[in-house]
Each structure stands twice: as C-alpha cells, then as structure tokens.
Amino acid sequence: MANDLDALEDWAGVLLSKLEPAARSKLARSLAQKLRRSQQQRVKQQCNPDGSPYAARKPRDLKGKKGRIKRQAKMFQKLPKASYMKAKGDGQSITVGFTGRVARIARVHQYGLKDRAEANAPEVRYKQREVLGFLKLDLELIRDEVLSALSFKINAQTNAQE
C-alpha cells in the first residue's frame, strides 16, 4: 500500500503543480472531507483497511450484574464523530486524524501498544486495530478528484480562449 501511495503522490504532485494555489487548497479541503467520511464509515463497520474485521474485544466479566444488557458493544462508537476525527486540507497537504485524548486512544489501537484502561489499572497490550488507513477505493477517489479538478481547469481555459 505504501508503494501505491508513493506512486499516487508522484503522479498527483506534477499535476497539482499546474493548479493555482486557491484551486489546490479547495481541492485539498474537499479531498480531506471525503477521506474522513470514508474512514468514518470503515470504523463504524469495524474493519481494518484490508477488509478484515477488528480483533475482538477481551471478554468482560459481567457476574453479579443482573438485569443489565449482557452484550458486547461495538468498539469506537464515538471515535468516528467529526468532533474527534478532524480533516484538514491546504495547498500543501491533506490530514485526517484525531485530536485530544482520543488521539492517544486511537494511536494505542492503531499500533497495538500497551496502555492502562484507568489510572491505577495494570498495563495491557491492546490488539492492533487499524483505525486510520487507505483503501484502494480511497486512492481511486483521490485520483478521480484530481483528474476532475484538472479537467475543470482545462475546460475553463478552453472556454476563455473562445
């Protein structure tokens, strides 16, 4: 996947240099929002970028909790919300990521690191769950958006010359 991203960056970099800074910024913001939506949908579906489901949660001990719902809740229910998952695009880059305390939680799960669930709890190694990552569809989305922006520029230039 890294090779695909590098190839896309090389290809798009040359084409994007032909756009004016304002158009490049507008395209970057639009792409950032679309990529955030894609990541939000994938997190809600509980899937890694390769299509495999997230590693299951550790089973919880619910003894003595009669009358409560005894089910496994989905992970990361609030994580995909726009208030936590931020998208930013300017003329130079596109960023989709997390802010605040949520960023630490996402990083622990993204890389499968050790962390404490609570202040005095023992350290636990979490299973790796890729919260952020590119799908093939995301790369195609970027390619299509860049081509559409460039074709719009070419059409505008052609109409101006006539």
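Numerical summary
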item	result
Two-site label geometry, S30 and K86: point separation in nm, points 7 Å out along Cα→Cβ	2.4
In Hz, Karplus ³J(HN,Hα) per residue of the stretch 114-128 (6.51, -1.76, 1.60; θ = phi - 60°; x = Gly, Pro)	8, 7, 9, 5, 9, 4, 9, 6, x, 6, 10, 8, 8, 6, 6
Of K26/K74; K58/K88; K88/K114; K58/K81; K114/K136, pairs whose Cα-Cα distance is over 27 Å	K26/K74; K58/K88; K88/K114; K114/K136
Long-range amide H partners of F98 with built H, under 5 Å	K86
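Read-outs: derived from the displayed coordinates by stated rules, not from any lab. Quantities reported herein were computed from a predicted structural model and do not represent experimental measurements. Cβ atoms come from the backbone with ideal geometry, glycine included; neighbour counts cover every protein chain shown.
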